[in-house]
Structures are given as structure tokens and as C-alpha cells.
Amino acid sequence: MSSYDVAVIGSGPGGYVAAIRCAQLGMKTAIIEKYNTLGGTCLNVGCIPSKALLDSSHHYEEALHHFEEHGIEIPGDIKLNFQKMIERKGAVVEQTTKGIDFLMGKNKIEVYHGMGSFKDATHIEIASDDKNETIEAKYSIIATGSKPSTLPFIKIDKERIITSTEALSLTEIPKHLIVIGGGVIGLELGQVYRRLGAEVSVVEYMDRIIPTMDGSQSKELMKVMKKQGVKFYLSHKVSAVERNGKEVVVTAKNAKDETVTFEGDYCLVSVGRRPYTDGLKLERAGVKANERGQVEVNDHLQTNISNIYAIGDVIRGAMLAHKAEEEGVLVAEILAGQKPHINYNLIPGVVYTWPEVASVGKTEEQLKEEGVSYKMGQFPMRALGRSRASGDTDGFVKILSDANTDEILGVHMVGARVADLITEAVTAMEFRASAEDLARMSHAHPTYAEAVKEAALDATDKRSIHS
Ligand code: FAD
Ligand code: NAD
């Protein structure tokens with residue numbers, strides 16, 4: 001029987017990063033993945049393929065609606081080859097997952113393909129089509145991620161009533177896509193299909209989209225996506241989803257308690273994801289999960305069984321790839337005797353629509369709820385020379401800082417490339433910068449980043465220069 005210092009179950013961004021860091025720190029490491037390709041949800045059916053389709057559909061939309069204003073004229077009709085777009089996405093995924101194979105080899109990590117399950121706290125069985133084997137591991141890291149969740153009355157048929165996984169590999173563009181859930185997945189994939197010509201209706205239970213982000217971002221994104229033709233139905237409680245041949249009918253109650261129906265040809269169910277531990281046989285190792293199915297961990301991400309740790313989507317907290325990665329590194333370093341730390345308040349959140357939406361720290365709603373006195377500075381993208389040059393004038397940067405100390409407490413952005421811009425805010429907050437610190441730093445001109453400086457000037461004492 002092969003014996004390891006560490007066995008990682010699951011090869012998503014949590015698992016493969018944990019394995020690499022363990023190997024870097026000199027531990028004999030194995031990784032177990034039930035699918036044929038490594039990389040988990042993120043690389044195979046999540047972050048990477050969704051961004052590939054967002055980028056491709058963005059180019060299409062630019063060609064259709066914005067080239068002309070730049071003086072670019074295309075003779076004849078612009079044609080969409082959807083199959084090629086999906087094939088390109090597949091190629092991007094393949095390249096990326098192969099990159100993980102390379103990294104496993106480079107770091108001398110033993111890769112097992114098969115379903116991992118605990119035999120006891122130090123032995124893991126791996127079942128694949130052609131063999132069953134057992135390995136021994138001093139420490140294990142559960143990194144089994146998550147799966148799409150649904151509502152009790154919905155039967156996902158994977159053809160017309162679908163999750164993000166199927167939505168990333170459709171063979172035709174829906175005529176009318178009904179999206180249940182105006183969160184990250186619903187808006188990113190809803191925008192992809194709107195750009196490609198589908199009618200898109202987003203049915204959301206809460207009174208705003210992206211409800212966990214700052215309210216100003218929900219408002220701005222909805223305003224822009226409405227202009228792009230997406231229809232929104234807020235405060236709607238879905239009660240039934242039925243399929244009749246090629247038609248899907250969604251029934252919901254609106255805020256006035258009236259019953260409304262939506263008829264379309266596809267329904268994307270994007271109401272969140274659930275932690276995934278099916279088949280892992282946690283009970284054989286004695287590992288506890290809570291009522292939501294999350295593996296329970298302490299501050300060191302250690303489960304109730306001292307040699308077993310858990311990271312990523314399968315435990316509490318934001319279901320984000322970069323959060324899973326930080327946790328993978330943290331556990332590896334703890335096992336090596338180091339004292340790492342994660343500041344969960346500074347894990348940024350991004351929605352990759354266009355304009356992008358990015359956030360870090362506290363929202364205005366949270367500060368109000370916590371009774372913190374704060375100052376707010378805001379700067380509109382439309383006032384930037386860079387935005388006018390590219391034609392990306394929607395959005396803003398908003399900075400919230402402590403009313404007494406001026407320390408930055410939250411930064412919320414909507415606009416072009418803010419997914420990349422948010423890192424400036426993370427860096428500043430990690431060093432506990434004040435709004436005035438940011439306001440006094442030189443920002444290259446012309447850049448979108450100037451909006452950060454201007455919002456900081458506005459937060460400091462309303463002395464923004466360009467608005
Ligand atoms: P996962 O990536 O889910 O990986 C878990 C792995 O464990 C899987 O490969 C699974 O097959 C394997 N596994 C499970 N059980 C077993 C077992 N018993 N034996 C062997 N293997 C097992 N996050 C972002 O930060 N940015 C984004 O842009 C983004 N976009 C997304 C888009 C979509 C459409 C979706 C669905 C998600 C997106 N996410 C994004 C979320 C991100 O994918 C997850 O937060 C991230 O993948 C979690 O990583 P993980 O390692 O915890 O788990
Ligand atoms: P989500 O939590 O972002 O959004 C779910 C939405 O569905 C919420 O707005 C919620 O109010 C709504 N909802 C819940 N029940 C409903 C009901 N009965 N009727 C109508 N609406 C209902 O979840 P998601 O969009 O499915 O994404 C799942 C996870 O994947 C998220 O945690 C997210 O962090 C991650 N993800 C991240 C990215 C990114 O970082 N860009 C992209 C995609 C997915």
C-alpha cells in the first residue's frame with residue numbers, strides 16, 4: 001500500500017493548490033480526482049469556461065453594436081458561429097486543465113483518478129472503472145467542492161431545465177432563456193446569451209440582483225443590463241417549473257401575491273451551490289458535517305478529526321476559487337508548522353459581466369447594520385478620459401472609510417476592467433491604508449485606476465478634481 005504525508009481529495013483550485021504547496025514544503029503528496037481531468041469545477045465547468053464565453057460573446061456584441069461608432073464598417077452581415085465559440089471554450093478548458101497535469105508532474109505529486117472515500121481516518125479507498133486501491137495518509141485534506149443546488153420542486157433534466165454546467169455547452173442559442181436567480185451565475189451566463197441574441201428574463205426572489213454586494217452595485221448593474229435588453233423580475237418567488245416538449249413554463253408569485261408565468265425554451269436554475277461530500281463516507285473517518293452539508297472546521301480549517309482538514313466550497317464562507325486557493329495554502333503551511341493567516345474580509349468578489357462588478361471589504365449596508373460611522377466617496381467612470389476613449393462610460397468607484405480614522409473599510413466598483421482594479425483596493429486595505437493615502441498616490445493617466453484616486457479624494461474631504 002502506498003503511503004503519503006498528505007492526501008488531497010479533489011483537484012479544484014483548493015485541492016491542487018494545497019497539493020502544490022504541500023509538495024513545495026517537502027511533504028510526500030497524493031491528489032485524488034474522480035473525473036478524468038484535473039482542475040475541478042473552476043477549470044472544467046466554472047470560472048474558465050464561463051469567462052471564455054463571456055469574452056467571445058463580448059467581442060460579438062462589440063462587432064454588432066459598437067464597431068461602427070469607432071469608424072469600423074464590416075461589409076455584409078456579421079455571422080455568429082456558435083459551435084466554434086463553444087469549441088474554442090473547450091480548447092481553453094483543455095489547455096488549462098493540462099496545465100494542472102504539468103504542475104502535478106513538476107511537483108512530483110502522485111495523481112489518482114477515481115472516487116475517493118474514507119476507509120478510516122488514515123486510509124482512503126480509490127475506486128475507478130478498472131481497479132480499487134487503498135492508500136495510507138498521515139493527513140488528509142477534503143477539497144471536494146460543490147455542485148449546483150436547486151429548489152425542491154424543480155427537476156433539472158439537463159436538456160431544457162439546466163444548471164450552469166449545461167449552459168456552458170448548449171448546442172443552440174435559446175430563443176427565450178428564463179434565469180431563476182439573479183446572482184453571479186445567472187447574470188454572467190444571462191448576459192452571454194443575451195449578447196448572442198436570446199431574450200433573457202431574470203426571475204429573482206430578493207428585491208435586488210447580486211443581493212450580497214453593495215446596493216449601489218445592484219442598481220447600476222441592473223440599469224446597464226436592462227439597457228442591454230435583459231428583463232428583470234425582482235421579488236418573485238418561483239413555485240413551479242414545468243417542461244412541455246421544447247417549452248419550459250416557470251410560475252412565480254410577485255410582490256403583490258399575483259401569479260405570473262414565464263414561457264421560454266430553456267430555464268437556467270442558478271440559485272446557489274451546495275457543498276459536495278456524496279460518496280466520501282465521512283462517517284467512516286468520524287468527520288462531522290453541519291445541517292447545510294458543509295464539513296465543519298475550526299479556525300485552522302481542521303475538522304473534528306485532528307489529522308483531517310477541509311477547504312474551499314465544501315466548508316463555510318464564499319464559494320470562490322481564490323478563497324479556496326488561500327485555504328489550500330493555509331492548510332499546507334499549518335501542516336509544515338508555520339503560522340499562516342487569511343483575512344476573510346479582504347477576499348474580493350467579482351462579477352464578470354460587462355461592465356464588471358468588483359467589491360472588497362464592508363458594504364454600506366453592513367456598515368449601517370454594524371453602527372460604524374463612515375464617509376463615502378464616489379467617482380463616475382464617465383468623467384474619466386480613459387473611459388471616454390474606450391467608450392466604457394458606465395459605472396463608478398465607491399470608497400467607504402472610517403469617519404474618525406479615515407481607514408478604508410470597503411471599496412465597490414462597477415466598470416471596465418474593475419475585476420483587475422479591485423486588487424489596488426485589496427492591497428491598500430491589507431496595509432490598512434486611509435482614503436487619503438490612496439488619494440495622494442500617483443495613478444497613471446489616462447487609466448481606469450484614476451477613478452480609485454478620485455473616489456479616495458472624494459472620501460477624504462470631497463476634493464475630487466474631475467467631478
Ligand atoms: P471544486 O472546484 O468544486 O473541485 C472539487 C473537485 O473534487 C472536483 O473536481 C470533484 O470532481 C472532486 N471530487 C469531489 N468528490 C470527490 C471524491 N469523493 N473523490 C475524488 N474527487 C472528488 N469562482 C471565482 O472565484 N471566480 C469565478 O469567475 C467563478 N466563476 C464560476 C462560474 C461558474 C459557472 C461556477 C459554477 C462557479 C464559478 N466560480 C468562480 C466558483 C468556483 O468554481 C469555486 O468556488 C471553486 O471551484 C471551488 O474550488 P474547490 O477546490 O473548493 O472545489
Ligand atoms: P448566488 O448565491 O450568487 O445567487 C443565487 C441567487 O438566486 C441569489 O440572488 C438569490 O437571492 C436567488 N434565489 C435563491 N432562491 C431563489 C428562488 N427560490 N427564486 C428566485 N431566486 C432565488 O449563486 P449562483 O449564482 O448560483 O452561484 C453559485 C456560487 O458560485 C456563488 O457562491 C458564487 O460565488 C460562485 N460563482 C462565482 C462567480 C464569480 O466569482 N464571478 C461566478 C459564478 C459563480
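Applying the criterion of being within 13 Å of ARG160 (Cβ to Cβ) and open to solvent by 10 Å² or more (accessible area, probe 1.4 Å) to the residues of segment 175-189, the residue that is farthest from ligand 2 (Cβ to nearest atom) is LYS175.
Every test in (1) open to solvent by less than 10 Å² (accessible area, probe 1.4 Å); (2) of a type outside the set (Phe, Trp, Tyr); (3) more than 13 Å from ligand 1 (Cβ to nearest atom) is passed by ILE142 save one, and that test is (3).
A quick yes/no check of all residues on (1) in contact (Cβ under 8 Å) with a residue 40 or more places away in the chain; (2) of a type in the set (S, T, N, Q):
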{"site": "GLY10", "(1), (2)": "yes, no"}
{"site": "VAL17", "(1), (2)": "yes, no"}
{"site": "MET27", "(1), (2)": "yes, no"}
{"site": "SER56", "(1), (2)": "no, yes"}
{"site": "GLU73", "(1), (2)": "no, no"}
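For segment 336-353, the criterion of being open to solvent by less than 50 Å² (accessible area, probe 1.4 Å), over 21 Å from GLN191 (Cβ atoms) and of a type in the set (Lys, Arg) is met by no residue. Please work out if VAL260 is touching a strand residue (DSSP E or B) at 6+ places or on another chain (Cβ under 7 Å), open to solvent by 20 Å² or more (accessible area, probe 1.4 Å) and part of a strand (DSSP E or B). It is true that VAL260 is touching a strand residue (DSSP E or B) at 6+ places or on another chain (Cβ under 7 Å), open to solvent by 20 Å² or more (accessible area, probe 1.4 Å) and part of a strand (DSSP E or B).
When you look at VAL248, is it near ligand 2 (Cβ under 9 Å from one of its atoms), part of a strand (DSSP E or B) and surrounded by 18 or more Cβ atoms within 10 Å (Cβ to Cβ), yes or no? Before you say what the answer is, go through the steps one by one.
Details: near ligand 2 (Cβ under 9 Å from one of its atoms): no; part of a strand (DSSP E or B): yes; surrounded by 18 or more Cβ atoms within 10 Å (Cβ to Cβ): yes.
So VAL248 does not fit the description; no.
Set side by side, the residues ILE135, ILE100, ILE154 differ, and just one is more than 9 Å from ligand 1 (Cβ to nearest atom), under 25 Å from THR353 (Cβ atoms) and either at pLDDT 95 or above or crowded, with 18+ Cβ neighbours inside 10 Å (or both), which is ILE154.
Each row is one residue, and each column tells you yes or no for (1) in contact with a Pro (Cβ under 7 Å, 6 or more places away or on another chain); (2) loosely packed, with under 13 Cβ neighbours inside 10 Å; (3) acidic (Asp, Glu).
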{"position": "GLY26", "(1), (2), (3)": "no, yes, no"}
{"position": "GLY39", "(1), (2), (3)": "no, no, no"}
{"position": "LEU43", "(1), (2), (3)": "no, no, no"}
{"position": "GLY46", "(1), (2), (3)": "no, no, no"}
{"position": "GLU62", "(1), (2), (3)": "no, no, yes"}
{"position": "PRO75", "(1), (2), (3)": "no, yes, no"}
{"position": "LYS89", "(1), (2), (3)": "yes, no, no"}
{"position": "THR96", "(1), (2), (3)": "no, no, no"}
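GLU172 meets all of the listed conditions (1) assigned by TED's automatic domain parsing to the domain that holds SER218; (2) open to solvent by less than 60 Å² (accessible area, probe 1.4 Å) but one, namely (2). For segment 178-230, a residue qualifies if it is closer than 23 Å to ILE156 by Cβ and of a type in the set (D, E, K, R), and the qualifying residues are GLU188, ARG194, GLU199, GLU204. Taking the criterion of being farther than 30 Å from GLY197 by Cα, more than 16 Å from ligand 1 (Cβ to nearest atom), open to solvent by 30 Å² or more (accessible area, probe 1.4 Å) and not in a loop (DSSP other than H, G, I, E, B), would at least one residue in segment 276-292 satisfy it? For segment 276-292, residues farther than 30 Å from GLY197 by Cα, more than 16 Å from ligand 1 (Cβ to nearest atom), open to solvent by 30 Å² or more (accessible area, probe 1.4 Å) and not in a loop (DSSP other than H, G, I, E, B): absent.
Looking only at segment 308-337, filter to residues that are assigned to a loop (DSSP other than H, G, I, E, B) and of a type in the set (A, V, I, L, M); which one of those is farthest from ligand 2 (Cβ to nearest atom)? Let's see the steps before the verdict.
Here is the first cut: in segment 308-337, the residues assigned to a loop (DSSP other than H, G, I, E, B) are 311, 315-320, 336-337.
Restricting the remaining residues to those that are of a type in the set (A, V, I, L, M) gives 311, 315, 318-320, 336.
Numbers: ILE311: 15, ILE315: 13, ALA318: 6, MET319: 4, LEU320: 5, ALA336: 29 Å.
Ranking the candidates gives ALA336 first.
Might you let me know whether segment 310-325 holds any residue that is within 16 Å of ALA121 (Cα to Cα) and more than 13 Å from ligand 1 (Cβ to nearest atom)?
So the first thing to find is which residues in segment 310-325 are within 16 Å of ALA121 (Cα to Cα), and the list is 310.
Remaining after also requiring more than 13 Å from ligand 1 (Cβ to nearest atom): none.
The answer is no, given that none of the residues of segment 310-325 is within 16 Å of ALA121 (Cα to Cα) and more than 13 Å from ligand 1 (Cβ to nearest atom).
The values are calculated or read from the model by the stated rules, or taken from the named source; none is laboratory data. Bear in mind that the values here come from a model prediction, so they are computed numbers and not experimental data. Counting neighbours? That spans all protein chains shown, and the Cβs are built from the backbone with ideal geometry, glycine included. Heads up: the accessible areas ignore ligands, DNA and RNA and are worked out on the full protein's heavy atoms, side chains in. Shrake-Rupley method; radii C 1.70, N 1.55, O 1.52, S 1.80 Å.
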